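Trainee: Once you've had a glance at the structure underneath, I'll fire off some questions.
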Amino acid sequence: MCGIVGYIGEGSAKDMILTGLKSLEYRGYDSAGIALNKKGKILLRKESGVIANLEKKTGKPDFDGCVGIGHTRWATHGSPVRENAHPHLSADGRIAIVHNGIIENYLELKSWLKKNHGIVFKSDTDSETIAHLISVFYKGDLIEATGKAVAKMRGAYAIGVIAADEPDKIVAVRKDAPLIAGIGAGCNYLASDIPALLKYTRDIYLVENGEIVLITASEIKIYDEDMTRVKREVMHVTWDAAAAEKGGYEHFMKKEIYEQPEAIRETLERRLDEGGNIKLDGVTLTKKEWGRIDKVYIVACGTASHAGMQGKALIERFAGVPVEVELASEFRYRNPLVNDRTLFIGISQSGETLDTLEALREAKKRGARILSICNVVGSSVARESDDVLYTWAGPEIAVASTKAYTTQLVSLYLIALHMGRMRGFVAEDEYRRVIEELRALPEKAKATLKTEEHIRKLAERFYIKEQIFYIGRGQDVGTAYEASLKLKEVSYINSFAIAAGELKHGTIALIRKKTLFVVLATQDALYEKMLSNIEEVKARRAHVVSIAKKGNKRIAKVSDETIYIPQCADEIAPILAIIPMQILAYHIAKLRKRNIDKPRNLAKSVTVE
Ligand code: M6R
């Protein structure tokens, strides 16, 4: 996630950039840096850790100038150390860049740069490639060189560039990562997000995908991919600073729900190479070690444990290894059967949940190999694990987990498929089919967000309910559990999730006229059975809201309401099906006037037993 900032004018670029970067702290970061163009020379300072470390480094008055770019990095490629912090310089030190996003084909570009231009790389990042690439194409025109460089890149990016030889400009370019340009008086700005600029200007241009921007102290010119000048309306921001941090959304929960397509893309794309082969950075298990595993324990709490339920289905199906899913608070109190052939997968957004951490320690003592799925780089769970697969969801601020959950699911697909391949269990065509399904996910997640208006209207009818049931079969059971948790934690409604087949073994006694059932029916293989379950609860005069894949029309006939998600393979459906459920929980909580981002009695990170 991280952030970029740029300034060009007559004032102090350093001061503006430091202030801007601090305003982007909510995006999360672990290092920061600034590059300035001073009298035709690039000056660079960067430091790991908090921005105060960078402030110390840039403290002397000789480090300043009137044009510069800055960055807060949240480690992705390479650890959070100074060398990997941005800005990155070209080999001759005359081009500096900052970059948010991922360059998917960076390995290919890196070897091209090494082979043809003898470039020696100084960092482990994908971003450094950009500086070298622009430098290779640079013939005195920065915008032209940047255009040529991005034409070679694939991935997602918001990039800011300065060149020693052109001290009167900043060039920026965007694809699938946020970028804005701010209009000042005698100066202009660049940033990832509005909060970075609020102290300086409220007049901004929103840069669109594929556009390249030339910023000088007196003007901002936006061009499309063909270098045709684009006319853009100025947007005048009326939000206050707190609203701006939420990107204009009323709550972090909603913002984070809407960030899911991008978070899924980030978590996924950087793990797939050109040929669609999975590469699990941070996971060092060899083929032989994957082959030795005879049991997997997935251990986590709350939402993360629901991701674990899906992980069990995926690993058993694609890798053929038996999986137990355990709540971390139970694991170490029941003498678990763990040995050196056990793979322990700990899932934790924060990486600080005490129960998960203690379970991990217990499994480690018993000889298990520890692989964690974490969102926070350098967290305790990450540090104490043998291998870590990071979710690149960016900081999750709302207590209710949304984008962390969907990216945990993406990580579990990757682990399951990779493990299956290493063990020779998953058939090649099956592997390829699921990879293609995964690749289509960010767009399908975007399409699923369009259900919001329909769901908001449903919430207006149902927010007064004091009890809601969620049912499903197969992988929909895990989704039902997660949907129910989401609703109860933000709305305080007593909700209950159960495998649909279990209803008749007791819970059915609770059904009365108009009892609300949310029915998850996204599994084609179990569709008929779910239709029978709907009939079963309807016969007892329950009210039914179903979630199904587009095209399944019969369900609409037997349900009172149907919410459709895009067509997808059964295994993929949990990632899409949870999105309308998050939206439903959000709108019900809003109508009940709950403290959505900080529900009562809850904390974001549970560091007590
Ligand atoms: O940080 P963790 O993923 O370890 O947190 C585990 C649970 O506390 C967490 O998933 C919690 O259930 C969610 N905030 C609920 O939305």
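Trainee: How big is the convex hull of the Cα atoms of the range 426-477, per residue, in Å³?
Mentor: Roughly 99 Å³ of hull volume per residue.
Trainee: How much length would be gained if the chain were fully extended between residue 602 and residue 539, taking 0.36 nm per residue of separation minus their Cα-Cα distance, in nm to one decimal?
Mentor: 18.9 nm
Trainee: May I ask you to order 35-46, 80-91 by the average number of other C-beta atoms within 10 Å around their residues, highest value first? Walk me through the intermediate numbers first.
Mentor: Values: 35-46: 19.8, 80-91: 21.6.
Final packing ranking: 80-91, 35-46.
Trainee: Using a Cα-Cα cut-off of under 13 Å, which aspartates and glutamates could be cross-linked to residue 504, ignoring same-chain neighbours fewer than 8 residues away?
Mentor: Within reach: 535, 536.
Trainee: So if I take the centroid of the Cα atoms in the range 166-228 and the same for the range 449-526, what is the distance between those two points in Å?
Mentor: 45
Trainee: Now for a different question. Give me P(r) over the range 140-246, computed from all C-alpha to C-alpha distances, binned every 10 Å, as integer percentages.
Mentor: 15, 48, 31, 7, 0
Trainee: Among DSSP beta bridges lying fully in the chain, give the percent that are antiparallel, nearest 5. Intermediate results must be reported in sequence, preceding the final value.
Mentor: Values: 60 of 101 bridges.
If we restrict to bridges inside the chain, about 60 percent are antiparallel.
Trainee: Counting only protein heavy atoms and using a 1.4 Å probe, what share of the accessible area of the chain belongs to carbon plus sulfur, as a whole percent?
Mentor: After summing per-atom areas, the C and S share lands at 51 percent.
Trainee: Still on this model: If every alpha-carbon in the range 449-591 counts as one equal scatterer, what log10 I(q)/I(0) does Debye give at q = 0.14, 0.16, 0.21 1/Å?
Mentor: Scattering profile of the range 449-591, log10 relative to I(0): -0.55, -0.74, -1.39.
Trainee: What number, in percent, do you get for the relative contact order of the chain if the mean sequence gap of Cα pairs under 8 Å and at least 6 apart is divided by its residue count?
Mentor: Relative CO of the chain lands at 11 percent.
Trainee: A follow-up question, please. Per the Debye formula with a single identical scatterer at each Cα and no solvent contribution, what log10 I(q)/I(0) holds for the range 1-157 at q = 0.09, 0.14, 0.16, 0.19 Å⁻¹?
Mentor: -0.26, -0.65, -0.86, -1.19
Trainee: To the nearest Å, what is the center-to-center distance of the range 233-266 and the range 418-433, using C-alpha atoms only?
Mentor: Taking the Cα centre of the range 418-433 as reference, the centre of the range 233-266 is 38 Å away.
Trainee: Mean residue ellipticity at 222 nm from the helices of the chain, using -39,500 (n - 2.57) per DSSP H segment of n ≥ 4 over the full residue count, to the nearest 500 deg cm²/dmol? Mind showing how you got there, number by number?
Mentor: On the way: 21 runs with 222 residues, N = 609.
Dividing the helical sum by the residues of the chain leaves -11000 deg cm²/dmol.
Trainee: Longer than 27 Å from Cα to Cα, which of 152/287; 287/486; 246/486; 486/550; 14/403; 38/255 are they? Say none if no pair is.
Mentor: From the list (152/287; 287/486; 246/486; 486/550; 14/403; 38/255), the Cα-Cα distance tops 27 Å for 152/287; 287/486; 14/403; 38/255.
Trainee: Can I ask one more? In whole percent, what relative contact order does the range 209-264 give with Cα contacts below 8 Å and a gap of six or more residues?
Mentor: On the way: 35 pairs, mean separation 9.2, N = 56.
So the answer I get is 16 percent.
Trainee: What number do you get for the range 246-439 when its Cα radius of gyration is normalised by 2.2 N^0.38 Å, N = residues? List each step's numbers first, then the result.
Mentor: Numbers: Rg = 16.0 Å, N = 194, 2.2 N^0.38 = 16.3 Å.
Here the Cα radius of gyration is 0.98 times the empirical estimate.
Trainee: Relative to the present Cα-Cα distance, how much length would full extension add between residue 454 and residue 272 at 0.36 nm per residue of separation?
Mentor: 62.0 nm
Trainee: Determine the sum of side-chain charges near residue 443: Lys and Arg each +1, Asp and Glu each -1, restricted to other residues whose C-beta is under 12 angstrom from that of residue 443.
Mentor: +2
Trainee: Same structure, new question: Hey, any idea what Rg/Rh is for the range 55-117, computing Rh the Kirkwood way over Cα pairs?
Mentor: Ratio of gyration radius to Kirkwood radius: 1.01.
Trainee: Kirkwood hydrodynamic radius (Cα pairs, Å) of the range 350-448?
Mentor: Details: mean 1/r = 0.0659 Å⁻¹.
Final number for the Kirkwood radius of the range 350-448 is 15.2 Å.
Trainee: Net charge around residue 350, counting only other residues with Cβ within less than 10 Å of its Cβ (Lys, Arg = +1; Asp, Glu = -1)?
Mentor: -1
Trainee: Net charge near residue 289, counting Lys/Arg +1 and Asp/Glu -1 over other residues with Cβ under 11 Å of its Cβ?
Mentor: Here the charged neighbours net out to +3.
Trainee: What size of dipole, in debye to the nearest 20, comes out for the range 449-591 about its Cα centre when the only charges are +1 on Lys and Arg C-beta atoms and -1 on Asp and Glu C-beta atoms?
Mentor: 560
Trainee: Looking only at the range 350-379, which residues have a backbone nitrogen under 19 Å from a spot 7 Å from the Cα of residue 50 in the C-beta direction?
Mentor: 377-379
Trainee: Compute the length gained on full extension between residue 39 and residue 514: take 0.36 nm times their separation in residues and subtract their Cα-Cα distance, giving the result in nm to one decimal.
Mentor: Contour length minus Cα-Cα distance gives 163.6 nm.
Trainee: For the range 415-500, with only Lys/Arg (+1) and Asp/Glu (-1) charged at the beta-carbon, what is the dipole magnitude about the Cα centre, in debye rounded to 20?
Mentor: 80
Trainee: If you build the Cα gyration tensor of the range 1-55 and take the root of 5 times each eigenvalue, what three semi-axes come out, in whole angstrom, biggest first?
Mentor: 20, 13, 9
Trainee: If packing is taken as the mean number of other Cβ atoms within 10 Å per residue, what is the order of 544-550, 113-119, highest first?
Mentor: Highest to lowest by the protection proxy: 544-550, 113-119.
Trainee: Limiting things to C-alpha atoms, what are the Rg and the maximum Cα-Cα separation (Dmax) for the chain, in angstroms?
Mentor: Here Rg and the maximum Cα pair distance are 25.2, 80 Å.
Trainee: Over the range 247-367, give the accessible area per residue in Å² for a 1.4 Å probe, as an integer.
Mentor: 37
Trainee: Determine the dipole magnitude for the range 157-255: charges of +1 sit on the beta-carbon of Lys and Arg, -1 on that of Asp and Glu, nothing else is charged, the reference point is the Cα centre, and the result goes in debye to the nearest 20. It would help to have the intermediate numbers written out before the result.
Mentor: Working: 12 positive and 16 negative charges, 57 e Å.
Rounded to the nearest 20 debye, it is 280 debye.
The values are calculated or read from the model by the stated rules, or taken from the named source; none is laboratory data. Quick caveat: nothing in here was measured; it's all calculated off a predicted structure. In this analysis, Cβ positions are derived from the backbone assuming ideal geometry, glycine residues included, and neighbour counts consider all displayed protein chains. Ligands, DNA and RNA are stripped out before the accessible areas are found, and what is left, the full protein with its side chains, is counted by its heavy atoms. Shrake-Rupley method; radii C 1.70, N 1.55, O 1.52, S 1.80 Å.
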